[in-house]
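Okay, structure first, notes after.
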Amino acid sequence: MKKLLLASTALVLSAGLANAQALTFSGEGRMGINGSNQTGVNVWNIENRLTINFNVAVEADHGLTFGAWARARTSGTTTAGLSGSRVWVEASNLRLTFGNQDGAIRQSGVAFGYAGGCGVGYEGGQQCLDSVGLLSSHGQNSTGADNEQMAQIMYTMGSTRVNLSHGRMTGTELGIRSTFDAFTVAFGYGDYDLGTVSTVANGDWTVTGVSAVQLFRDDTVTLSARYDGGSWSVGAIVARIGTTGQRNVNLLGVPFGPVFPARDWTNWQINGTVALGGGNLYGFFGEVYDGTVVGLSYGYGLGGGATLTAGFEHVRDQFNVAGNDITTASVGVAFNF
């Protein structure tokens, strides 16, 4: 009986080890100094963060592949724990995903960057002004449960990818991206349910008394293109963000005052990269929510997946209010594993 039990245990363990080969880990570590000037006073922080991704892949019969993902993230001052998960099934270049995930605009609706931007600094942008407001699109939660029930279909054909995502309480997004030789073009569209809200950080709240602005989203349309010249690139993106209204948020984070009438914003930016001094220089300029935006970042590879990066972003006269400005800057190292 002991031999039978031992044999059974060994069989179960070997099967478990075989399945465990489908589990991989990846992630990022970073450390640096970042600062901001949003009230006429410079504020700076010593920052670090560790992210570990848990990736599962299983090959089944009938050409089916299953996968899953979750994330753990912590910093020197927070222990956020696990994110919400997502699980998918894929066959013949068609993937169906349920769970915590970026929507169609972030996945396929932009020709470059994350949501069209977030390319400044070692942390990938403090303001992400180069995303031209597209961070209001469907996005995953990396530090906790996603309160949205999300489903998404993705179809890939060569260098073309089409995504269709739906959140049961927020709306539907479509993203299409394709590459032709050195050109990449993308289109994104989002139709959001009544009551869907995104929050935009405001400028100098000591002047305005407004720390943020709530936007009641209606729909979003974005077009973008990028040319890759090898050692250099140039790109452009435009996003029309429609709202059914907006409302101010006070210094305590509480909405106040009237809901302003519906309006549309046309946000845009032009960006470029160039190899310089053994590293890579990135810059952009444009207009976001009536404010003039500019950013510059330089990254130098240290080997082993580590990059030393310094950068800054600035928005001037945001929401068309004179002196309503935000400046952020950082220097630090990030490495992938």
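The values are calculated or read from the model by the stated rules, or taken from the named source; none is laboratory data. In this text, all values refer to a predicted model and were calculated from it rather than measured experimentally. All Cβ positions, even for glycine, are placed from backbone atoms using ideal geometry, and neighbour counts span all protein chains on display. Side chains are part of the model used for accessible areas, which takes the heavy atoms of the whole protein and leaves out ligands, DNA and RNA. Shrake-Rupley method; radii C 1.70, N 1.55, O 1.52, S 1.80 Å.
Quick rundown of the values:
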| quantity | calculated |
| --- | --- |
| Sole residue being under 19 Å from Ile241 (Cβ atoms) and either open to solvent by 50 Å² or more (accessible area, probe 1.4 Å) or without any contact (Cβ under 8 Å) to a residue 12 or more places away in the chain (or both), chosen from Gly109, Gly113 | Gly113 |
| Selection status of Ser198, of a type in the set (S, T, N, Q) and either open to solvent by 40 Å² or more (accessible area, probe 1.4 Å) or in a loop (DSSP other than H, G, I, E, B) (or both) | no |
| Search result, residues across region 248-270 that are open to solvent by less than 80 Å² (accessible area, probe 1.4 Å), over 23 Å from Thr292 (Cα atoms) and touching a residue at least 24 places away in the same chain (Cβ under 8 Å) | Asn250, Gly253, Pro255 |
| Lone qualifier among Thr244, Thr220 - being of a type in the set (S, T, N, Q), part of a strand (DSSP E or B) and open to solvent by 60 Å² or more (accessible area, probe 1.4 Å) | Thr244 |
| Residue match in region 84-92 (condition: without any contact (Cβ under 8 Å) to a residue 60 or more places away in the chain and either closer than 28 Å to Phe285 by Cα or part of a loop (DSSP other than H, G, I, E, B) (or both)) | yes |
| Residues that are within 26 Å of Phe216 (Cα to Cα) and open to solvent by 60 Å² or more (accessible area, probe 1.4 Å), drawn from region 154-192 | Leu164, His166, Arg168, Met169, Ile176, Phe187, Tyr189, Asp191 |
| Of the criteria (1) part of a loop (DSSP other than H, G, I, E, B); (2) more than 30 Å from Val331 (Cβ to Cβ); (3) at pLDDT 95 or above, which one His62 fails | (3) |
| Glu313 vs. criteria in contact (Cβ under 8 Å) with a residue 60 or more places away in the chain and closer than 19 Å to Ala115 by Cβ | yes |
| Restricting region 1-59 to residues that are surrounded by 14 or more Cβ atoms within 10 Å (Cβ to Cβ) and outside any strand (DSSP E or B), the residue that is modelled with the highest pLDDT | Ala22 |
| Unmet requirement for Asp146, which otherwise passes all of (1) exposed (fewer than 15 other Cβ atoms within 10 Å of the Cβ); (2) under 17 Å from the mean Cα position of the chain (by Cα); (3) among the acidic types (Asp, Glu) | (1) |
| Conditions (1) farther than 23 Å from Gly27 by Cβ; (2) surrounded by 23 or more Cβ atoms within 10 Å (Cβ to Cβ); (3) of a type outside the set (Lys, Arg): number failed by Tyr122 | (1) |
| Flag for Gly133 being touching a residue at least 24 places away in the same chain (Cβ under 8 Å), open to solvent by less than 40 Å² (accessible area, probe 1.4 Å) and at positive phi | yes |
